[in-house]
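The values are calculated or read from the model by the stated rules, or taken from the named source; none is laboratory data. Just so it is clear, the model here is predicted, and its values are computed rather than measured. Neighbour counts are summed over all protein chains in view; Cβ atoms, including those assigned to glycine, are modelled from backbone coordinates with ideal geometry. For the accessible areas, the whole protein counts, side chains as well, though only heavy atoms, and no ligand, DNA or RNA atoms are used. Shrake-Rupley method; radii C 1.70, N 1.55, O 1.52, S 1.80 Å.
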Amino acid sequence: MPHVNITPSDLSGADCVVALDVGGTDIKGGVVDANGGLVYSERRPTGRTDGPNAVVAGIVDFAEALRDRAVELGGVPRAAGVVVPGIVDDTAGVAVWSASIQWREVPLRSLVADRLGLPAALSHDVRTGALAEGRLGAGRDCDNFLFVAIGTGLASVLVLNGRPYPGAHGQAGEIGHITVRPGGGKCTCGAVGCLEAHFSGPAIAHAFAEAAPGDDPPLSAAQVVARVAAGDRVAAAVWGQGLSAFADGLLTGLALYDPKLLVIGGGLSLAGEQLFSPLRTLLAERAVVQHVPPLVTAALGDEAGCRGAGLIAWDTLEVRG
């Protein structure tokens, strides 16, 4: 069921934008007001098991439904913002590649714009999550921070002077695909030993299922974390191994970027001190040349990507002027 946090009169006559945050498991959609507030939100499954074409069709259909919902609520939709995982060419509006969804060269911006009859923007999910945290959340008072999101995948973004740095080809921050365990687990990208293959939602769930088979259905990463809190030794060992890999990956990021602040978001950040306390210890123990900055949880939770999608939609309107 959709989650609604406004009444129809709240948007009466007001401009708004449509926002979609496409993840490996769910698509978070919403209507965002001029202040970056998420005034209506809804989730749908990504449906990646049905193939990339089905995912694309679902995104476009969802965008249209959100536009119509905004109108029903009394709003005036002005633009749409869509954020997706993987490699994204923001300028061309193309979803270049995604390991989790397995699509290539999808002109998603034009597909959404054509269906809605509105200007549209497309960007990387973690970059826009970082943008939202920088403008509205945990990085609001910091001009230089590293944002790391851990969910179905794992990626990072360096924010400099309030702007996420995309890199020369839109591929900056793919920390989930650096090798932290040579000869280790196989990643969805096809490489072996990637950080994402050792610390992400699916990685933790898979590692626990291998270490303690028998649960039907297999436990999710959140359930594994709950078992850690309850004192389960197998879950604690799996979690500890994942955290060890995560710490090594973060140390590489800290050596490269030297940020003032480290903001951690995504689904696994909801583990709270089960994540942050041992991670702080590991970083302090292993840092050699790296400066370990303060670690904080993302303030916007799993709304960061969707609210960021709204921000890029508003930014598109400002550029068009």
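So, of the residues in segment 281-321 that are out of contact with any strand residue (DSSP E or B) (no Cβ under 6 Å at 6 or more places or on another chain) and of a type in the set (Lys, Arg), which turns out to be nearest to Ala121 (Cα to Cα)? Per the stated criteria, the residue is Arg320.
Among the conditions (1) open to solvent by less than 20 Å² (accessible area, probe 1.4 Å); (2) farther than 15 Å from Leu295 by Cα, the only one that Ala237 does not satisfy is (1). Contact annotation: residue pairs with Cβ atoms under 9 Å, 6 or more positions apart or on different chains, pairing a residue in segment 240-267 that is at positive phi with a partner that is assigned to a loop (DSSP other than H, G, I, E, B) and open to solvent by 50 Å² or more (accessible area, probe 1.4 Å), are Asp258/His291. Of all residues in segment 247-256, those satisfying the criterion of being within 17 Å of Glu174 (Cβ to Cβ) and either surrounded by 20 or more Cβ atoms within 10 Å (Cβ to Cβ) or touching a Pro at 6+ places or on another chain (Cβ under 6 Å) (or both) are Gly249, Leu250, Gly253. In segment 124-135, the residues that are within 10 Å of Ala155 (Cβ to Cβ) reach residues that are open to solvent by 20 Å² or more (accessible area, probe 1.4 Å) and of a type in the set (Ser, Thr, Tyr) with C-beta atoms within less than 9 angstrom, at least six apart or across chains, in these pairs: Arg127/Tyr165. Filtering Ser9, Ser41 for residues that are over 23 Å from Glu318 (Cα atoms), of a type in the set (S, T, N, Q), buried (at least 16 other Cβ atoms within 10 Å of the Cβ) and modelled with pLDDT under 95 leaves a single hit, Ser41. Scanning segment 65-123 for residues that are on the phi > 0 side of the Ramachandran plot and among the acidic types (Asp, Glu) returns a single hit, Glu105. Residues in segment 113-153 that are part of a loop (DSSP other than H, G, I, E, B) and open to solvent by less than 10 Å² (accessible area, probe 1.4 Å): Gly139 only.
The set of residues in segment 68-112 that are part of a helix (DSSP H, G or I) and surrounded by 22 or more Cβ atoms within 10 Å (Cβ to Cβ) comprises Ala70, Leu108, Arg109, Val112.
When segment 136-158 is filtered for residues that are farther than 21 Å from Ala245 by Cβ and either free of Cβ contacts under 8 Å to residues at least 60 places away in the same chain or charged (D, E, K, R) (or both), the ones remaining, listed by number, are Arg140, Asp141, Asp143. Taken across segment 154-164, residues that are surrounded by fewer than 21 Cβ atoms within 10 Å (Cβ to Cβ), in a strand (DSSP E or B) and either touching a helix residue (DSSP H, G or I) at 6+ places or on another chain (Cβ under 7 Å) or not hydroxyl-bearing (Ser, Thr, Tyr) (or both) do occur, with at least one present. Could you tell me whether segment 195-211 includes any residue that is on the phi > 0 side of the Ramachandran plot, out of contact with any helix residue (DSSP H, G or I) (no Cβ under 7 Å at 6 or more places or on another chain) and surrounded by fewer than 16 Cβ atoms within 10 Å (Cβ to Cβ)? Checked against the condition, which is being on the phi > 0 side of the Ramachandran plot, out of contact with any helix residue (DSSP H, G or I) (no Cβ under 7 Å at 6 or more places or on another chain) and surrounded by fewer than 16 Cβ atoms within 10 Å (Cβ to Cβ), segment 195-211 yields no hits at all.
Provide a single number: the residues in segment 178-223 that are in a helix (DSSP H, G or I) and free of Cβ contacts under 8 Å to residues at least 40 places away in the same chain.
Counting residues in segment 178-223 that are in a helix (DSSP H, G or I) and free of Cβ contacts under 8 Å to residues at least 40 places away in the same chain gives 10.
Residue count for segment 258-271, restricted to those that are open to solvent by 10 Å² or more (accessible area, probe 1.4 Å), modelled with pLDDT of 95 or more and in contact with a strand residue (DSSP E or B) (Cβ under 8 Å, 6 or more places away or on another chain): 2.
None of Ala309, Ala304 is under 30 Å from Pro77 (Cα atoms), open to solvent by less than 60 Å² (accessible area, probe 1.4 Å), of a type in the set (Gly, Ala, Ser) and modelled with pLDDT of 95 or more except Ala309. Of all residue pairs spaced 6 or more apart or on separate chains, those with beta-carbon atoms under 9 Å, a first member in segment 56-75 that is within 14 Å of Leu118 (Cβ to Cβ) and a second member that is surrounded by fewer than 18 Cβ atoms within 10 Å (Cβ to Cβ) and of a type in the set (S, T, N, Q) are Gly75/Ser12.
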